[in-house]
Amino acid sequence: MTERTFSIIKPDATRRNLTGAINAVIEAAGLRIVAQRRVKLTDAQAKTFYEVHAERPFYGELVGQMTAEPVVVQVLEGDNAMAKYREVMGATNPKDAAEGTIRKLFALSIGENSVHGSDSLENAAIEIAQFFKAEDIVG
Ligand code: CMP
């Protein structure tokens, strides 16, 4: 089934000029980038986005990293897009990520792990709506 999922290319990757390299992996996997914008997240935006992690010990560091430099927010479309993108990203901790995945190729650490992808279709819809209007997504 054709789905849409939400992606963020994180500051550790934009800082190293890896937006195109990561997009190439995304597109090679058959996912289409149907919306994309480079943005510097505000503290409030990052806190809202990662609210589910508010009680975790790494929350402050995570918000700090996500607001330090620009990110690229994206909507990815394709067959089974949510699960497929999680496969393409690889495990959260790059030490556990499979060969050929974005995190294996590019991530620096569990915190600076280059990309975010929605973990359910329900969250994908919520995350997409946080950054894109319907008319800005062109499939
Ligand atoms: P992401 O998929 O964006 O969701 C939450 C982020 O928190 C995660 O990727 C990591 O970048 C970051 N993070 C930092 N430390 C941890 C940790 N110990 N466990 C899980 N996520 C972590």
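Read-outs throughout are calculated quantities, based only on the coordinates presented, and are distinct from any laboratory measurement. Every value quoted in this text rests on a predicted model; they were computed, and no experiment measured them. A quick note on method: Cβ atoms are made from the backbone with ideal geometry, for glycine too, and the neighbour counts reach across all protein chains shown.
Structure data summary
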item: Alpha carbon convex hull of the chain, volume per residue in cubic angstrom; result: 100
item: Expected-Rg normalisation [2.2 N^0.38 Å, Cα atoms] applied to region 19-79; result: 1.32
item: Range of Cα positions in region 55-100 per principal axis (Å), largest first; result: 34, 25, 21
item: Most mobile listed residue (83, 28, 97) in the chain, GNM with C-alpha springs under 10 Å; result: 28
item: Net charge dipole size for the chain [Lys, Arg +1 and Asp, Glu -1 on Cβ; Debye, nearest 20]; result: 380
item: Net charge contributed by nearby residues that have their C-beta within less than 11 Å of residue 113 (K/R +1, D/E -1); result: +1
item: Cβ-based net charge around residue 102, under 15 Å, with every Lys or Arg adding one and every Asp or Glu removing one; result: +1
item: Neighbour-count order for 132, 106, 58, fewest beta carbons within 10 angstrom listed first; result: 58, 132, 106
item: Environment charge at residue 91 (Cβ cut-off 14 Å; Lys +1, Arg +1, Asp -1, Glu -1); result: 0
item: Partners for residue 133 among lysines (Cα-Cα distance below 26 Å; same-chain residues under 8 apart left out); result: 10, 40, 47, 84
